[in-house]
Amino acid sequence: MSTARLEYNGQSWDFPVVEGTENELGVDISELRAKSGLITLDEGYGNTGSCKSAITYIDGDKGILRYRGYPIEQIAEQSSFVESAWLVIYGELPNEKQRERFSALLTKHAMIHESMRNHFQGFPNNAPPMAILSAMINAIGCFSPEVLGSDTEANFEENAARLLSQVRSIAAATYKMSMGQPMMYPRPDFKYCENFLHMMFSVPNGRITPDPDAARALNQFLTLHADHEQNCSTSTVRMVASSGANMYASVSAGVSALWGPLHGGANVAVVNMLEEIRSSGMDPHVYMEKIKDKNSKLKLMGFGHRVYRNFDPRSRILQKAAEVILSKLKIQDPLLEIARRLEEVALRDSYFVDRKLYPNVDFYSGIILRAIGIPLDMFTVMFAIGRMPGWIANYKEIHDAERLKINRPRQIYTGAAIRDFVPRDARVQ
Ligand code: SDX
């Protein structure tokens, strides 16, 4: 085992260097404070590995993304969301028996508890869908208390299938409530994505037959979002899971983290940005100059990434999928052309090239969601549905560990030094 030496104040300490499957190297500093009294500081954790994980591998410089060793390009082309979910959660592609069992559990648990349906009436119909999603995921545990206990081998699969199935039903119910339409029950004869489109767009007096191209595009969208290493929301799920909290509470916290515009909320921000350029008739070059002007505080949404310093491989696949679904559904979406032109300008502009800013997963994904009729305020909810397998898989890694160890980072304190309490009548008014 190789080591790294730290020298400070005339002393030195050696720490083991751990090596990952793809030869990534990390200094294991778990003994740092005990040996040296020092801690590290790494705001934003850009240089800090929080865990060892066997789920997803990303090489940001080469634009590589693999789920359990399988390249995302092959997964996107040959797999499905449900099969990728099994792979991400359990580590292997499912055999026929596992596929059938998991699919049957997804069907069994597609309906939310009947009493949960009343909860939707309690929200204002313009309530933010991500707020409802986070709340209703925790609500499942109130009506199915069996998910609140610690996960055994036996009940884990059922708890995971219930969550993966019902996140879709909660999302559809949220949309129906906002439209003033009755919530639709799932159909046992529909597969995952078809059932979602049915629950979203059927009405009691007019059942839709989901368009197979739309279902295929949705399948690929969800598959491409299934996991992405230790991103903000997944790290949140691990943080909450490390306290021993149940799967649903941990994932509900992940939904809240994903909501932010710098993370999962970016797919909404991208479409708003493209729409602003379209409606203003602004030339993309002019918009880019605004982005580069620091005073504008603007960012090119859907561009840049903490890890990828090259193309996000998902953005290439999603761009192609957007072109395919638009032509299949015979839709002309002006936003796609604007997105393409922005990308062209950015890839030739030193501001973006020097900072290694490339399209990320959110840059083209919204075009697909628009094409299949998903409303803008549901875009991040769709990201959450896609990321469910990754959150469940990371939750499982925490709970499968030899010993459940609570995550508790340290800090560098920069507040006031010690001082005596000041009685009310002695305070400066
Ligand atoms: C996701 O982590 C994951 O894996 C996330 C995700 C997943 O699957 O879970 O991939 C999903 O969240 C994708 C990212 C979606 N967010 C956006 O598209 C929002 C726009 N992007 C940026 O906010 C930004 O690129 C981040 C947040 C994604 C990454 O930011 P970093 O790594 O913290 O980089 P930074 O903010 O330190 O920026 C470095 C420089 C700065 O300029 P200087 O101070 O050096 O002059 O690059 C600039 C930034 O101003 N910059 C951008 C920019 N992103 C970074 N400038 C313009 N437009 C941008 N998008």
(request) Take the chain, connect every pair of alpha-carbon atoms lying under 10 Å apart with a spring to form a Gaussian network, then pick out the residue of Ala269, Ala110, Ala131 with the largest mean-square fluctuation. (result) Ala131
(message) Run the Debye formula on the Cα coordinates of segment 256-313, all scatterers equal and no solvent, and tell me log10 I(q)/I(0) at q = 0.15, 0.16, 0.27, 0.30 1/Å.
(response) -0.52, -0.58, -1.19, -1.22
(request) Go ahead and run the numbers for FRET between Leu376 and Arg207, Cβ-Cβ distance against an R0 of 25 Å, rounding to 0.05. (result) 0.50
(request) Sort the following peptides by mean Cβ neighbour count (other Cβ atoms within 10 Å, averaged over residues), highest first: 61-67, 98-104. (result) 61-67, 98-104
(request) For the chain, evaluate the Debye formula with one uniform point scatterer on each Cα (no solvent term) and list log10 I(q)/I(0) at q = 0.09, 0.10, 0.13, 0.14 Å⁻¹, rounded to two decimals. (result) -0.63, -0.76, -1.20, -1.34
(request) Would you mind getting the Kirkwood hydrodynamic radius of segment 345-400 from its Cα pairs, rounded to one decimal in Å? (result) 14.0 Å
(request) Find how much the distance from Arg101 to Val18 grows on full extension, using 0.36 nm per residue of separation minus their present alpha carbon separation; answer in nm with one decimal. (result) 26.1 nm
(request) Note down the nm distance, to one decimal, between modelled labels 7 Å out along Cα→Cβ at Ile331 and at Leu262. (result) 3.1 nm
(message) So if I take the alpha carbon set of segment 77-176, get Rg, then get Rh from the Kirkwood formula, what is the Rg over Rh ratio?
(response) 1.01
(message) Please list the three semi-axes, largest first and in whole Å, of the ellipsoid equivalent to segment 1-136, using sqrt of 5 times the eigenvalues of its alpha carbon gyration tensor.
(response) 42, 25, 14
(message) Using a Förster radius of 41 Å, what is the FRET efficiency between Tyr351 and Ser50 based on their Cβ-Cβ separation? Nearest 0.05, please.
(response) 0.85
(request) Consider all pairwise Cα distances in segment 10-52 and report the whole-number % of them above 11 Å. (result) 72 percent
(message) Which residue, Ala416, Ala384, Tyr395, has the largest displacement toward the positive end of the dipole of segment 377-419 when charges sit on each Cβ (Lys, Arg +1; Asp, Glu -1)?
(response) Ala416
(message) So if the hydrodynamic radius of segment 165-235 is defined as the Kirkwood radius over C-alpha pairs, what does Stokes-Einstein give as its diffusion coefficient at 25 °C and 0.890 mPa s, in µm² per second?
(response) 186 µm²/s
(message) 7 Å from Cα along Cα→Cβ at both Ala401 and Thr40: what's the point-to-point distance in nm?
(response) 1.6 nm
(request) Output the relative contact order of segment 161-267, whole-number percent, from Cα pairs under 8 angstrom with separation of 6+ residues. (result) 16 percent
(request) Of all alpha-carbon pairs in segment 370-429, indicate the percentage at a distance above 20 angstrom. (result) 67 percent
(message) Can you order the peptides 70-76, 408-414 by their average number of other Cβ atoms within 10 Å per residue, highest first?
(response) 70-76, 408-414
(message) I need the peptides 332-341, 305-314, 194-203 ranked by packing, meaning the mean over residues of other C-beta atoms within 10 angstrom, with the highest value on top.
(response) 194-203, 305-314, 332-341
(message) Looking at segment 271-401, I'd like the Rg to Rh ratio, where Rg is from alpha-carbon atoms and Rh is Kirkwood's inverse mean 1/r.
(response) 1.02
(request) Starting from the amide H of Thr56, placed 1.01 Å from N in the peptide plane, find each other amide H under 5 Å away whose residue is 5 or more places distant or on another chain. (result) Arg68, Glu229
(request) For each pair in Lys97/Lys396; Lys35/Lys356; Lys62/Lys292, compute the distance between the two Cα atoms and list the pairs where it is over 29 Å. (result) Lys35/Lys356
(request) Assuming R0 = 25 Å, can you tell me the calculated FRET efficiency for the pair Gln411 and Cys142, based on Cβ-Cβ distance, to the nearest 0.05? (result) 0.10
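Bear in mind that the values in this text are calculations on the coordinates, not laboratory data. Only a predicted model underlies this, so the values are computations on that prediction, with no experimental measurement involved. Virtual Cβ from ideal backbone geometry, glycine too; neighbours counted across all protein chains shown.
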